[in-house]
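In what follows, a structure is listed as structure tokens, so that the remarks can point back to it.
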Amino acid sequence: MTRKTSGPAANTPPKRSAGSAPKASTRKSVKPLVAILMGSASDLDVMSEGAKVLEDLGIAHEVVVTSAHRSPLETAEYAQAARDRGLQVLIVGAGLAAHLAGAVAAHTTLPVLGVPLESGPLRGMDALLATVQMPAGVPVGTLAIGAAGARNAALLAAQILALSDPRLARALSVRKAEMTAAVPGLLRRFPEGK
């Protein structure tokens, strides 16, 4: 399993050789609240779209490569330990059979947001169906295929966190107002003058 911490949580101390004193840091390490998981490092281009949204909102997060098929025990252990580590929402991207979100959801009671990824001959439709068709009792909130799904998963994670974080709720309101202001409105009326 590969783990990369991003956002405010990226303030990890540098490695030091034995006997050297740690350097004083003025930045406080922040525990990640959201994890972005994917089955392969090749999924990073798409899933980083979600990470950018979290960074824009100042949400501490980590990015993890783990596989439902190639590292099933590590995936289960990660999901089981997520709540105790302070994580609150898990965003999970996978293509093809897309079992990762379900495998993660089977081992946690945290919200799991699935992002089907476009790969293979079915262009993500297989991943969409595998992610959305979870059995009762193992919920996975499923977003759109690809980068739009990754961005929306991050926004949905932020909205979940904002239920108990007024600063984040305000930031989301500002973001939505900016999005609304960017819509041009009426461009033309036909016939003219009416």
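Quick look at the values:
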| item | result |
| --- | --- |
| Out of A97, A153, A76, sole residue that is in a loop (DSSP other than H, G, I, E, B), of a type outside the set (V, I, T) and touching a helix residue (DSSP H, G or I) at 6+ places or on another chain (Cβ under 9 Å) | A97 |
| Criterion: of a type in the set (S, T, N, Q) and closer than 28 Å to V174 by Cβ - qualifying residue of S48, S40, S119 | S48 |
| Of all residues in the range 48-98 being acidic (D, E) and in contact with a strand residue (DSSP E or B) (Cβ under 7 Å, 6 or more places away or on another chain), the one that is farthest from V34 (Cα to Cα) | E55 |
| Selected residue (criterion: nearest to the chain's Cα centre (by Cα)) from residues of the range 30-73 that are in a helix (DSSP H, G or I) and among the acidic types (D, E) | E49 |
| Those residues of the range 79-94 which are part of a loop (DSSP other than H, G, I, E, B) and surrounded by 17 or more Cβ atoms within 10 Å (Cβ to Cβ), in sequence order | A82, L87, Q88 |
| Which numbered condition L163 fails, given (1) aliphatic (A, V, I, L, M); (2) free of Cβ contacts under 8 Å to residues at least 40 places away in the same chain; (3) surrounded by 20 or more Cβ atoms within 10 Å (Cβ to Cβ) | (3) |
| Test: residue in the range 142-151 that is modelled with pLDDT of 95 or more, farther than 30 Å from A130 by Cα, surrounded by fewer than 20 Cβ atoms within 10 Å (Cβ to Cβ) and of a type in the set (G, A, S) | no |
| Qualifying residue in the range 112-119 (condition: touching a residue at least 40 places away in the same chain (Cβ under 8 Å), under 25 Å from K31 (Cα atoms), in a helix (DSSP H, G or I) and touching a Gly at 6+ places or on another chain (Cβ under 9 Å)) | no |
| Residue match in the range 57-66 (condition: of a type in the set (S, T, Y), at pLDDT 95 or above and touching a Leu at 6+ places or on another chain (Cβ under 7 Å)) | yes |
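The values are calculated or read from the model by the stated rules, or taken from the named source; none is laboratory data. Quantities reported herein were computed from a predicted structural model and do not represent experimental measurements. Cβ: placed from backbone, ideal geometry, glycine included. Neighbour counts: every protein chain shown.
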